[in-house]
Amino acid sequence: AAGATMMDAGLWKRPWYYPQAGETIDDAYVREAATTRQTVGMVDVSTLGKISVQGPDATTFLNRVYINGFAKLPVGRARYGVMLRDDGMVLDDGTTWRLSDNNYFMTTTTAQAGRVMQFMEELLQTRWTNLRVHLSSVTDLWAGIAIAGPLARNFLTQAVPDLDWSDEAFPFMAVRHSTIHIADAEIECRIARISFSGERAFELYINASHGAVVWQYLADLVKRYDGCLYGMEALGTLRIEKGHVTA
């Protein structure tokens, strides 16, 4: 409905770029990336894999499956992690958020969500059978939106006014829970301050049944900040400019 040219990503369709009149893909993604660097940009990340990792040994489990440590991750913080296959090659990367002592919210790449879930289940069922951990795929339960750019905090202060968005209250890789006010509705959300673009950025997740309403509300709001929606081509560009791994 927003005019995106779509692309295949695993089993999903994702926005490739949002061409304006007469624009080629090169014109569109360069404009989207530049706008995000100058004001604020918004991208749909609902297709990312999402796995709930719960149980008394959840921390021990995550400390084993990632190459970097998770044992000292405080509640209310997120950490970027890299997961390897048995042969030492990278299987996947993503962030995992510690929601409480024994409850984590893991995100995976879109394409590898099923393989990551299968790999972790195999570890628990055949190799680490003594670990008390339960896994649930919650990919379809959460809609995700990433918001990046120098005006991202101004933008979200208006959209989610109940949170303190200062650096002291909401530092890098922090996780917070709040509500989005749309007309008379209050929609619960979980937010992490995560950036893959180098700009100030946040990932916001809401119940999937409210995803379209929240997306449209934020898409209308982003226009007031002279921002834009951006697709996968601009997303890859922003990541490469920052020095992150991208497909």
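The values are calculated or read from the model by the stated rules, or taken from the named source; none is laboratory data. All figures in this text were calculated on a predicted structure; none of them were measured in a lab. With ideal geometry, Cβ positions are generated from the backbone for all residues, glycine too; neighbour counts draw on all protein chains shown. Just so you know, the surface numbers come from the protein's heavy atoms only, side chains and all, with ligands and any DNA or RNA stripped out. Shrake-Rupley method; radii C 1.70, N 1.55, O 1.52, S 1.80 Å.
Of everything in region 21-44 that's assigned to a helix (DSSP H, G or I) and among the acidic types (Asp, Glu), which residue is surrounded by the most Cβ atoms within 10 Å (Cβ to Cβ)?
Filtering first and then ranking leaves Glu32.
Please find, among Asp167, Asp162, the residue that is surrounded by fewer than 13 Cβ atoms within 10 Å (Cβ to Cβ) and closer than 21 Å to Leu218 by Cβ.
Of Asp167, Asp162, the one residue that is surrounded by fewer than 13 Cβ atoms within 10 Å (Cβ to Cβ) and closer than 21 Å to Leu218 by Cβ is Asp162.
If we keep just the residues of region 4-19 that are not aromatic (Phe, Trp, Tyr) and not in a strand (DSSP E or B), which is surrounded by the fewest Cβ atoms within 10 Å (Cβ to Cβ)?
Leu11
Residues that are more than 24 Å from Ala174 (Cα to Cα), at pLDDT 95 or above and among the β-branched types (Val, Ile, Thr): which strands (runs of 3 or more DSSP E) entirely in region 45-125 hold 3 or more of them?
Passing ranges: none, list empty.
Yes or no: region 93-110 includes at least one residue that is of a type in the set (Lys, Arg) and either touching a His at 6+ places or on another chain (Cβ under 8 Å) or free of Cβ contacts under 8 Å to residues at least 60 places away in the same chain (or both).
No, every residue in region 93-110 fails to be of a type in the set (Lys, Arg) and either touching a His at 6+ places or on another chain (Cβ under 8 Å) or free of Cβ contacts under 8 Å to residues at least 60 places away in the same chain (or both).
Identify, by number, the condition in (1) open to solvent by 60 Å² or more (accessible area, probe 1.4 Å); (2) more than 16 Å from the chain's Cα centre (by Cα); (3) of a type outside the set (A, V, I, L, M) that Phe172 doesn't meet.
The failed condition is (2).
Residues in region 53-64: is at least one under 17 Å from the mean Cα position of the chain (by Cα) and closer than 19 Å to Phe119 by Cα?
Within region 53-64 (the criterion being under 17 Å from the mean Cα position of the chain (by Cα) and closer than 19 Å to Phe119 by Cα), the answer is yes, since at least one residue qualifies.
Checking Ala152 against (1) under 30 Å from Thr36 (Cα atoms); (2) in contact (Cβ under 8 Å) with a residue 60 or more places away in the chain; (3) open to solvent by 40 Å² or more (accessible area, probe 1.4 Å), only one condition comes out false. Which one?
So Ala152 meets the others, but not (3).
Suppose we keep only residues that are in contact with a helix residue (DSSP H, G or I) (Cβ under 8 Å, 6 or more places away or on another chain) and of a type in the set (S, T, N, Q) within region 196-225. Which one would you say is least open to solvent (accessible area, probe 1.4 Å)?
Filtering region 196-225 for residues that are in contact with a helix residue (DSSP H, G or I) (Cβ under 8 Å, 6 or more places away or on another chain) and of a type in the set (S, T, N, Q), the one least open to solvent (accessible area, probe 1.4 Å) comes out as Ser197.
Would you pick out the residues in region 226-242 that are surrounded by fewer than 16 Cβ atoms within 10 Å (Cβ to Cβ) and either touching a Lys or Arg at 6+ places or on another chain (Cβ under 6 Å) or touching a residue at least 12 places away in the same chain (Cβ under 8 Å) (or both)?
Asp226, Glu241, Lys242
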